[in-house]
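Reviewing the structure listed below.
The values are calculated or read from the model by the stated rules, or taken from the named source; none is laboratory data. Please read all numbers here as calculations on a predicted model, not as lab measurements. Cβ coordinates were reconstructed from backbone atoms using ideal geometry, including for glycine residues, and neighbour counts include every protein chain displayed. Just the protein is used for accessible areas: all its heavy atoms, side chains included, with ligands, DNA and RNA removed. Shrake-Rupley method; radii C 1.70, N 1.55, O 1.52, S 1.80 Å.
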Amino acid sequence: MKKEILISEDQYESRCAILENGLLSEIYIERQNEQRVLANIYKGRVDNVLPGMQIAFVEIGLEKHGFLHASDIEYSFEDIEDENASTKIYTDSDGSPLRSRRRRSEPAITDVIETGQEILVQVAKAAMGTKGARITSTISLPGKYVVYLPTSSSVGISRRIESAKERQRLKDLVQSFRPDTEGGFIIRTAAEGKSEENLSAEIAYLLNTWKRISQKASRANAPSLIHRDLGFTERIIRDYFNSDVNELIIDSKSQYDTAINYFTLLLPEFKSRVKFYKTKSISMMEKFGIETGLKKALGRKVWLRSGAYIIIEQTEAMVSIDVNTGKFTGESDADSTILKANLEAAEEIVRQLRLRDLGGIVVIDFIDMDRHEDRKKVYQALQQEIKKDRAKTNILRISELGLVEMTRQRTRPSIGSVLTQLCPYCDGHGFVLSVDTVVTNVLRTIKRVARGSKKKDFKVVANELVVSRLLDRRSKLIQQLNREMNLRVQIEGNIDLHLEDYQILDEHNRQVRLD
């Protein structure tokens, strides 16, 4: 599979696009006027502790207080590789731990933290909507090959490294580099096959970083920023560049220089894969079809190569995905047609989840399959594709109805919430009342107002589409209303009024209350 990473920067925003076989699979956008806080380390002050919810609100110097859950305060790194262990480690897209979830009862939050206490915390999840940032006292410093955990004491290793011999080699190497002081490590998947020099250089760099953080934290007053995560380009290289990437193409000279410096220091063997985009006649993102891909990523309907399609609906609680045969009629029997459509949809669904960065609960409604072996094939295809996803996922077995329930880790806002906003016209409903419905509401309201008043002269001000309908196809109804109730109703259009809004004025042009 051909894999390319594009990094573009201008005065408006920084963008990274990841292409797999020419298709846009992931996109990351960072606005120049927005403050990035994910993975930053702060010295905070506990402002409020809520024992009933097992959370504390910590002032860290941002617009909203960070919230700290009891499970994010204490940290255990025991038995990280044991599926049946009492503690499990959940990691973010960087491979760094978010929090530990214990099956045994956790201590009350009031036993481990108190109001006014100063505490060193790290942002584990950026603020979303009305919620402040989620923070943790489990500090992690991610590198390309390892993640350093100053508050831990053990060495863990990615389960994606399958060779027992390689796992032991990496563990032994990291153990030999560990200082006598406290501190643990997670060996990342990217470390597989890497040399002693690669690992030792990175570990030394992370240890020095932590030393500087500790010194600064001891002197700083709360609340204050202690450590800011790497810049955009360096983070992309650290977290997404690996030996599978054929090219890293950058259109900003300053960011290209930053990338070259990073590769020279830590990844010299891949330095030749970094390219500078020089073409001025067309932007890099346009040339590679990124702008078009972004527009498609905001739509509900996604067409598949066969002519089938999927519908993606995002609600506050979950994401629902529906698979339809569409224009795909197949070539043989119905079962084979349905299977082919579902297999193609499984591949595209995972790509869309990654591209749109959709998280939380995801329900996929595949086309109903009668044969058990077909359902098994689709489920296995979905599992295979999800391996490409860096986010933590959990997939349940496909049901008899063809439904698949899954969860996908969410650490930042989806691409839709970054690029779009709630429609001010429909207020997020996705629809507005029809013109005929509004006209009917206007006529009924005139009747109600007239019955409760001795006045006979009224003026209706409404959207021009509504006025046009009132004066055209519904004009007889206005005349009938005037005759029955002895009214004199004038109609006036206002193009600035919302389609559903209208006003009723008396003879003195005062607005009549409609409630």
Handout entry: HN-Hα J in Hz across segment 25-30 - Karplus 6.51, -1.76, 1.60, θ = phi - 60°, x for Gly and Pro
Key = 10, 8, 9, 10, 10, 9
Exercise for the section: Could you pull out every one of the lysines with an alpha carbon less than 26 Å from that of Lys131, ignoring same-chain neighbours closer than 8 positions? Expected result: Lys43, Lys64, Lys88, Lys392
Exercise for the section: Mind jotting down the distance between the C-alpha centroids of segment 173-249 and segment 463-499, whole Å? Expected result: 70 Å
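Listed here are the pairs Lys327/Lys388; Lys275/Lys388; Lys171/Lys376; Lys278/Lys387; Lys171/Lys388; Lys194/Lys253; which of them are more than 27 Å apart at the Cα? Present the calculation step by step, with values, prior to reporting the outcome.
Values: Lys327/Lys388 29 Å; Lys275/Lys388 24 Å; Lys171/Lys376 37 Å; Lys278/Lys387 35 Å; Lys171/Lys388 25 Å; Lys194/Lys253 30 Å.
Check vs 27 Å cut-off fails for Lys327/Lys388; Lys171/Lys376; Lys278/Lys387; Lys194/Lys253.
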Practice task
Using a 1.4 angstrom probe, figure out how much accessible area segment 232-338 has per residue, in square angstrom, rounded to the nearest whole.
Solution key: 55 Å²
Practice task
Can you grab the distance from the C-alpha centre of segment 334-396 to the C-alpha centre of segment 409-423, Å, no decimals?
Solution key: 23 Å
Problem - Over segment 150-301, equivalent-ellipsoid semi-axes from the Cα gyration tensor in Å - result: 34, 22, 17
Fill in the blank from the handout: Once both label points are put 7 Å beyond Cα along the C-beta direction, the Phe270-Thr315 separation in nm becomes 4.1 nm
Problem - Residue-level accessible surface for His372, protein heavy atoms, 1.4 Å, Å² - result: 120 Å²
Problem - Accessible area, probe 1.4 Å, largest first, for residues Tyr277, Tyr12 - result: Tyr12, Tyr277
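Grab the DSSP H runs of the chain that are 4 residues or longer, score each as -39,500 (n - 2.57), total them, divide by all residues and round the 222 nm result to the nearest 500 deg cm²/dmol.
Values: 13 runs with 155 residues, N = 515.
Using -39500 (n - 2.57) per qualifying helix, the result is -9500 deg cm²/dmol.
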Exercise for the section: Calculate I(q)/I(0) for segment 294-395 by the Debye formula, one identical point scatterer on each C-alpha and no solvent, and give its log10 at q = 0.13, 0.15 Å⁻¹ to two decimals. Expected result: -0.44, -0.59
Practice task
Determine, at each q value in 0.06, 0.08, 0.10, 0.13 (inverse angstroms), the log₁₀ of I(q)/I(0) that the Debye formula gives when each Cα of the chain is one equal point scatterer.
Solution key: -0.42, -0.68, -0.94, -1.30
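Relative contact order, percent, of the chain when contacts are C-alpha pairs under 8 Å separated by at least 6 residues?
Working: 892 pairs, mean separation 59.1, N = 515.
RCO, the chain: 11 percent.
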Practice task
Excluding residues on the same chain fewer than 8 positions from Lys456, give the lysines whose Cα lies under 21 Å from its Cα.
Solution key: Lys447, Lys476
Problem - Note, ³J(HN,Hα) from phi for segment 255-263, Karplus 6.51, -1.76, 1.60, rounded to Hz, x at Gly and Pro - result: 6, 4, 5, 4, 5, 4, 4, 5, 5
Practice task
Express as a percent, rounded to the nearest 5, the fraction of DSSP beta bridges in the chain (both residues included) that run antiparallel.
Solution key: 75 percent
